[in-house]
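The values are calculated or read from the model by the stated rules, or taken from the named source; none is laboratory data. A quick note: this is a predicted structure, and the numbers were derived from the prediction, not measured. Don't worry about glycine lacking a Cβ; one is built from the backbone with ideal geometry, like all the others, and counts go over all protein chains shown. Ligands, DNA and RNA are stripped out before the accessible areas are found, and what is left, the full protein with its side chains, is counted by its heavy atoms. Shrake-Rupley method; radii C 1.70, N 1.55, O 1.52, S 1.80 Å.
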Amino acid sequence: MQEALKMASFASSKGEVPVGALIVDSQSGKIISQASNEMEERRDPTQHAEMIVIQKACKLLGSGRFWDKMDLYVTLEPCPMCAQALSFVRIRRLYFGAYDPKGGGVEHGPRIFESSSCHHRPEIYGGIEESACAHILKDFFERLRGLKSHETSL
């Protein structure tokens, strides 16, 4: 999770919502791909860290499925879009940091993996380094709100 936090910090430095993700080979422990949010940079709301890291890993591995051989580490509970993509790619395990009661799709909201239409349910481990993952998000949004209130007072 420490590597995912580094990616989240990188995203924050670029003005992106600080979420970082890694795909790790479950047998060797080797990082296959890593990414952070790029929604602002690419002007594309689908460019969540999870989506990018999945795309990179699929390209590198030459397959659109991981067949339970890869694990995902991400600093924030995946949203419904990302959770569905994780089901489609057949991730083995999902490790996430901060819970997302408002936008999450795993433990909150639609709970994608519990749906009868879900094709694959990974093992799920939430709350990994939760305070560090939540802290980087909280700091980012506090800075963002501070900037916006400063702009409106000018």
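Determine the pairs where a residue that is more than 20 Å from PHE66 (Cβ to Cβ), located within region 32-44, has a partner that is of a type in the set (Phe, Trp, Tyr) and not in a loop (DSSP other than H, G, I, E, B) with Cβ atoms under 7 Å apart, the partner being 6 or more residues away or on another chain. Within 7 Å, the pairs are SER36/PHE10.
When residues in region 89-103 are screened for being within 16 Å of ALA8 (Cβ to Cβ) and either aliphatic (A, V, I, L, M) or surrounded by 18 or more Cβ atoms within 10 Å (Cβ to Cβ) (or both), 5 of them pass. Out of GLU77, GLU50, one residue alone is closer than 20 Å to ILE128 by Cα, touching a Phe, Trp or Tyr at 6+ places or on another chain (Cβ under 7 Å) and either among the charged types (D, E, K, R) or open to solvent by 50 Å² or more (accessible area, probe 1.4 Å) (or both). It is GLU77. Residues in region 125-133: is at least one modelled with pLDDT under 95 and loosely packed, with under 15 Cβ neighbours inside 10 Å? The answer is no, given that none of the residues of region 125-133 is modelled with pLDDT under 95 and loosely packed, with under 15 Cβ neighbours inside 10 Å. Out of everything in region 88-122 that is in contact with a Lys or Arg (Cβ under 7 Å, 6 or more places away or on another chain) and not in a loop (DSSP other than H, G, I, E, B), what residue ends up being nearest to LEU137 (Cα to Cα)? For region 88-122, the residue satisfying everything is PHE113.
For region 133-147, does any single residue satisfy the condition of being over 21 Å from SER33 (Cα atoms), in contact with a Cys (Cβ under 7 Å, 6 or more places away or on another chain) and in contact (Cβ under 8 Å) with a residue 12 or more places away in the chain? Checked region 133-147: no residue is over 21 Å from SER33 (Cα atoms), in contact with a Cys (Cβ under 7 Å, 6 or more places away or on another chain) and in contact (Cβ under 8 Å) with a residue 12 or more places away in the chain. With respect to the conditions (1) of a type in the set (A, V, I, L, M, F, W, C); (2) open to solvent by less than 70 Å² (accessible area, probe 1.4 Å); (3) not in a loop (DSSP other than H, G, I, E, B), LEU60 falls short on a single one, namely (2).
How do the pairs read when you match residues in region 1-30 that are aliphatic (A, V, I, L, M) with residues anywhere that are surrounded by 15 or more Cβ atoms within 10 Å (Cβ to Cβ) and assigned to a loop (DSSP other than H, G, I, E, B), using Cβ under 6 Å and keeping only pairs 6 or more apart or on different chains? Short answer, once both residue conditions are applied: MET1/ILE128; MET1/GLU129; ALA8/PRO18; ALA8/VAL19; ALA11/PRO18; ALA11/ASN37; VAL17/ASN37; VAL19/ASN37.
One residue stands out among those in region 63-74 that are of a type in the set (D, E, K, R) and modelled with pLDDT of 95 or more: the one that is least open to solvent (accessible area, probe 1.4 Å), which is ASP71.
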